[in-house]
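Chemist: Quick one: this structure, given as structure tokens, is what I'll be asking you about.
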Amino acid sequence: MSTQIQAVLDHIAKRVVPRQAERERMSRLAERLRGQVQDMLDMAGFAGKVSIQGSYARDTWLSGEADLDIFASFPPTMDRREWTEKVLPAVRNGIEAKTIDRYAEHPYLEFHIEGIRINVVPCYAVEKGQWKSATDRTPYHTEYMREHLTLEMRLEARLLKKFLKGMRSYGAEIRVGGFSGMLVETLILHYQSFLETLAQAS
């Protein structure tokens, strides 16, 4: 690798890795909202378990561009229509923020608190391989990546995400149709680095 390329990557790395104060702020917000959503579901009588997923949980999120994915896992016996007809409305009514209904392969809620984009995403609590929706894989992916991504790989994932965002190709939602965080992290786990991923794609 040329020294010029390394210098550029080192400069970008300083901008994409969150500092301690930002991490602490996100930690407080994540735990507060996780508890609030869990309370909403409990009060509405849903047998759902709330957890934090996404890039924040896997420590591959970008400084200054954080979002928070709050997943609610439900028994596989629940009719999927209940997500849109009962579950998400219960959360919407309990959130003191303007919510937006979003869709990928699945419905979810989006809103902003303290300048952070929050997604509330329903999924099924199923065994590996018995997926009923695309989001069912996420908790398993989070667990696997937390175990296997090294600190160096997490930086490489951040570099790849920043690169894709610059090309407006990051995000699996319908309006973007780009690379998901799950795919970015899988590529880095396989190719080990941002530059090697680009080389293999060229």
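The values are calculated or read from the model by the stated rules, or taken from the named source; none is laboratory data. None of these values were measured; they are calculated from a predicted model. Here Cβ is always computed from backbone atoms with ideal geometry, including for glycine, and neighbour counts include all displayed protein chains.
Chemist: May I ask you to verify whether Ala30 is at pLDDT below 95, under 27 Å from Met78 (Cα atoms), touching a Phe, Trp or Tyr at 6+ places or on another chain (Cβ under 8 Å) and of a type in the set (Gly, Ala, Ser)?
Modeler: No: the conditions fail for Ala30.
Chemist: Now for a separate question. With the checklist (1) closer than 21 Å to Phe194 by Cβ; (2) of a type in the set (S, T, N, Q); (3) at pLDDT below 95 in hand, flag the one item Thr99 doesn't pass.
Modeler: All conditions are met except number (1).
Chemist: Among the candidates Glu85, Glu127, Glu110, Glu143, which residue alone is in contact with a strand residue (DSSP E or B) (Cβ under 6 Å, 6 or more places away or on another chain) and free of Cβ contacts under 8 Å to residues at least 24 places away in the same chain?
Modeler: Glu110
Chemist: Return yes or no: is Ser51 touching a strand residue (DSSP E or B) at 6+ places or on another chain (Cβ under 7 Å) and of a type in the set (Ser, Thr, Tyr)?
Modeler: The answer is yes for Ser51.
Chemist: It is to be established whether one or more residues within region 123-141 are closer than 13 Å to Thr60 by Cβ and touching a helix residue (DSSP H, G or I) at 6+ places or on another chain (Cβ under 6 Å).
Modeler: Yes; the residues of region 123-141 include at least one that is closer than 13 Å to Thr60 by Cβ and touching a helix residue (DSSP H, G or I) at 6+ places or on another chain (Cβ under 6 Å).
Chemist: Return yes or no: is Ser55 assigned to a helix (DSSP H, G or I), within 18 Å of Ile116 (Cα to Cα), in contact (Cβ under 8 Å) with a residue 60 or more places away in the chain and of a type in the set (Ser, Thr, Tyr)?
Modeler: So Ser55 passes the test.
Chemist: Is there a residue in region 66-74 that is closer than 24 Å to Arg154 by Cβ, surrounded by fewer than 19 Cβ atoms within 10 Å (Cβ to Cβ), touching a residue at least 40 places away in the same chain (Cβ under 8 Å) and not hydroxyl-bearing (Ser, Thr, Tyr)?
Modeler: Checked region 66-74: at least one residue is closer than 24 Å to Arg154 by Cβ, surrounded by fewer than 19 Cβ atoms within 10 Å (Cβ to Cβ), touching a residue at least 40 places away in the same chain (Cβ under 8 Å) and not hydroxyl-bearing (Ser, Thr, Tyr).
Chemist: Kindly check whether there is at least one residue in region 137-159 that is at pLDDT below 95, closer than 27 Å to Lys98 by Cβ and over 13 Å from the mean Cα position of the chain (by Cα).
Modeler: No - not one qualifying residue is present in region 137-159.
Chemist: Is it the case, given these coordinates, that Trp61 is within 30 Å of Gln6 (Cβ to Cβ) and aromatic (Phe, Trp, Tyr)?
Modeler: So Trp61 passes the test.
Chemist: With respect to Ile118, is the statement that it is closer than 27 Å to Gly64 by Cβ and surrounded by fewer than 18 Cβ atoms within 10 Å (Cβ to Cβ) true?
Modeler: no
Chemist: Taking Pro107, is it under 14 Å from the mean Cα position of the chain (by Cα) and not acidic (Asp, Glu)?
Modeler: The answer is no for Pro107.
Chemist: Go through region 67-154 and tell me which strands (runs of 3 or more DSSP E), entirely inside it, have 2 or more residues that are under 15 Å from Gln53 (Cβ atoms).
Modeler: In region 67-154, the matching strands (runs of 3 or more DSSP E) lie at 67-74, 107-113, 116-124.
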